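K.L.:
This is the structure, below, for whatever I ask next.
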Ligand code: FES
């Protein structure tokens, strides 16, 4: 047993909230979860203005970057920025998922196969419009009944 | 399309050092080395759910992108795990005070921890205080004469933590404790609603959740009594839970009127 239940959310930065919403909701199927601190006095108190999304069981807080974040090179689809979020799709849906990325004109790398001894099957790697790295994969353990994350509704 | 979150990849400059940190300080389980095709030597770690953490060794790490802010990842712990984690963090030399304590709802526990490469983590846990019904044992609060409240008025009481609301039909004493997680609501006169600065819930003057990103149960009420002389008394030590607004909850602006609620609604 680990001494950590789960990862509940991440805050990442984007250049444009509308562009991010179109990408996460339109292409990946995320749901808008919350608009936080869209009130002037909150901003004046130093709270961050952000919009949050749920993608599967994960909460993303998309925070506006205060200045232009340097973008990774266009052909760089993995690495550079220090972290990447990976979402699982069912093995049976994997090809349809790739077709969906293609149809939406999202450049991606892969599919890349993982070693048989590990839990992951194959991955594709891509970026959101602000250069945050993402991954979609199917997992060999997709039918294992893992503990569920405690219900949490914050962010 | 998406079946759920699978894992987060974190780039690190020294795999041994980081694996030890994520295992011993954060408390994750080490699953194994090089189980994943990625850009460098890697170690896969596990939480108590399906979610995994993949540490990948690279020569150089930019943990926070330049000109961005607020980048962080949050572990969710049970409150017992949180107490143990705080001891480990303190032993590892971290400041375990919450740097953003003023922005937290009651029962929301959080500390910020940076890993050896500067990746920022929020470690959070919720205690039962987040959702308990709070009572301050103030005793009944005198709220002045009913004629001093114009229709539409909302007066916030600091002692007892309630709003006395005068709507056309009469009076409601609405609890200021947010039904999401005990944030303290404020009245936004310019928008005609109650607002929770914790996670953005909004409620109308009757205490109903407004169409917003955070639908919550209807706000609790407190009993209102209007004396023979027209003075109003509110008892914040009695809370009334409700499923929605019902006109019968309103106390008419008449001498001698008072709230009536079924026994089962009291909490
Ligand atoms: S405590 Fe979460 S919205 Fe009020």
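The values are calculated or read from the model by the stated rules, or taken from the named source; none is laboratory data. All values derive from a computational prediction rather than experimental measurement. Every residue, glycine among them, receives a Cβ derived from its backbone with ideal geometry; neighbour counts consider all protein chains shown.
K.L.:
Of the residues B:177, B:187, B:192, which single one is within 19 Å of the chain's Cα centre (by Cα) and more than 20 Å from residue B:127 (Cα to Cα)?
P.N.:
Numbers: B:177 fails: more than 20 Å from residue B:127 (Cα to Cα); B:192 fails: within 19 Å of the chain's Cα centre (by Cα).
One residue alone meets the criteria, B:187.
K.L.:
Looking at (1) facing chain A (nearest Cβ under 7 Å); (2) crowded, with 18+ Cβ neighbours inside 10 Å; (3) more than 21 Å from residue A:61 (Cα to Cα), can you tell me which one residue B:70 breaks?
P.N.:
Here residue B:70 meets the rest and fails (3).
K.L.:
For the stretch B:8-81, which fully contained strands (runs of 3 or more DSSP E) count at least 3 residues that are in the same structural domain as residue B:119 (by TED's automatic domain parsing), touching a residue at least 40 places away in the same chain (Cβ under 8 Å) and closer than 23 Å to residue B:108 by Cβ? Working first, answer last.
P.N.:
Details: elements: B:29-33, B:42-46, B:52-57, B:72-77.
In the stretch B:8-81, B:72-77 are the strands (runs of 3 or more DSSP E) which contain 3 or more residues that are in the same structural domain as residue B:119 (by TED's automatic domain parsing), touching a residue at least 40 places away in the same chain (Cβ under 8 Å) and closer than 23 Å to residue B:108 by Cβ.
K.L.:
Follow-up. Looking at the stretch B:244-267, can you tell me whether even one residue there is within 12 Å of the ligand (Cβ to nearest atom), assigned by TED's automatic domain parsing to the domain that holds residue B:153, part of a loop (DSSP other than H, G, I, E, B) and in contact (Cβ under 8 Å) with a residue 40 or more places away in the chain?
P.N.:
Scanning the stretch B:244-267 turns up no residue that is within 12 Å of the ligand (Cβ to nearest atom), assigned by TED's automatic domain parsing to the domain that holds residue B:153, part of a loop (DSSP other than H, G, I, E, B) and in contact (Cβ under 8 Å) with a residue 40 or more places away in the chain.
Residue-by-condition table, conditions (1) within 14 Å of the ligand (Cβ to nearest atom); (2) within 14 Å of chain A (Cβ to nearest Cβ); (3) touching a residue at least 12 places away in the same chain (Cβ under 8 Å):
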residue: B:170; (1), (2), (3): no, no, yes
residue: B:180; (1), (2), (3): yes, yes, yes
residue: B:195; (1), (2), (3): yes, yes, no
residue: B:208; (1), (2), (3): no, no, yes
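K.L.:
Now, a different point. Taking the criterion of being more than 20 Å from residue A:22 (Cα to Cα) and part of a strand (DSSP E or B), would at least one residue in the stretch A:62-82 satisfy it?
P.N.:
Looking for residues that are more than 20 Å from residue A:22 (Cα to Cα) and part of a strand (DSSP E or B), one finds none in the stretch A:62-82, hence no.
K.L.:
Restricting the stretch B:157-168 to residues that are within 15 Å of residue B:223 (Cβ to Cβ) and free of Cβ contacts under 8 Å to residues at least 60 places away in the same chain, which is farthest from the ligand (Cβ to nearest atom)?
P.N.:
Filtering the stretch B:157-168 for residues that are within 15 Å of residue B:223 (Cβ to Cβ) and free of Cβ contacts under 8 Å to residues at least 60 places away in the same chain, the one farthest from the ligand (Cβ to nearest atom) comes out as B:165.
K.L.:
Out of the residues in the stretch A:65-83 meeting the condition of being within 7 Å of chain B (Cβ to nearest Cβ) and out of contact with any strand residue (DSSP E or B) (no Cβ under 9 Å at 6 or more places or on another chain), tell me which one is farthest from residue A:135 (Cα to Cα).
P.N.:
Result: A:67.
K.L.:
Residues of the stretch B:82-117 being assigned to a helix (DSSP H, G or I) and more than 8 Å from chain A (Cβ to nearest Cβ), which ones? Working first, answer last.
P.N.:
Let us first name the residues in the stretch B:82-117 that are assigned to a helix (DSSP H, G or I), namely B:82-91, B:101-103.
Residues satisfying the conditions are B:82, B:83, B:86, B:87, B:88, B:89, B:90, B:91, B:101, B:102.
K.L.:
Would you check which residues across the stretch B:210-236 are more than 22 Å from the chain's Cα centre (by Cα) and within 10 Å of the ligand (Cβ to nearest atom) and list them?
P.N.:
none
K.L.:
Quick check: anything in the stretch A:113-131 assigned to a strand (DSSP E or B), within 10 Å of another protein chain (Cβ to nearest Cβ) and modelled with pLDDT under 95? Before the answer, list the steps.
P.N.:
So in the stretch A:113-131, the residues assigned to a strand (DSSP E or B) come out as A:113, A:120-127.
Pick out the ones that are also within 10 Å of another protein chain (Cβ to nearest Cβ) and you get A:113, A:120, A:122-123, A:125.
Those still in the list that are modelled with pLDDT under 95 too: none.
Checking the stretch A:113-131: not a single residue is assigned to a strand (DSSP E or B), within 10 Å of another protein chain (Cβ to nearest Cβ) and modelled with pLDDT under 95.
K.L.:
Only one residue in B:176, B:104 is at pLDDT below 95 and within 15 Å of the ligand (Cβ to nearest atom). Which one?
P.N.:
Details: B:176 fails: at pLDDT below 95.
Answer to the selection: B:104.
K.L.:
Here is a follow-up. How about the stretch A:1-61: which strands (runs of 3 or more DSSP E) wholly inside it have at least 2 residues that are modelled with pLDDT under 85 and buried (at least 21 other Cβ atoms within 10 Å of the Cβ)?
P.N.:
Numbers: elements: A:6-14, A:31-36, A:50-55.
Hits in the stretch A:1-61: A:31-36, A:50-55.
K.L.:
Those residues that are in contact (Cβ under 8 Å) with a residue 40 or more places away in the chain and surrounded by fewer than 20 Cβ atoms within 10 Å (Cβ to Cβ), I need them from the stretch A:132-146; list them, please.
P.N.:
Listed by number, the list holds a single entry, A:142.
K.L.:
Which residue out of B:54, B:45, B:77 is closer than 25 Å to residue A:140 by Cβ, in contact with a helix residue (DSSP H, G or I) (Cβ under 9 Å, 6 or more places away or on another chain) and buried (at least 21 other Cβ atoms within 10 Å of the Cβ)? If you could, list the steps in order and put the result at the bottom.
P.N.:
Working: B:54 fails: in contact with a helix residue (DSSP H, G or I) (Cβ under 9 Å, 6 or more places away or on another chain); B:77 fails: closer than 25 Å to residue A:140 by Cβ.
Criteria check complete, one pass: B:45.
K.L.:
Select, from B:6, B:18, the only residue that is touching a strand residue (DSSP E or B) at 6+ places or on another chain (Cβ under 6 Å) and more than 10 Å from every other protein chain (Cβ to nearest Cβ).
P.N.:
Working: B:6 fails: more than 10 Å from every other protein chain (Cβ to nearest Cβ).
Sole residue among the options that is touching a strand residue (DSSP E or B) at 6+ places or on another chain (Cβ under 6 Å) and more than 10 Å from every other protein chain (Cβ to nearest Cβ): B:18.
K.L.:
Kindly provide the set of residues from the stretch A:1-25 that are free of Cβ contacts under 8 Å to residues at least 12 places away in the same chain and within 7 Å of chain B (Cβ to nearest Cβ), ordered by number.
P.N.:
The answer is A:1, A:2, A:3, A:4.
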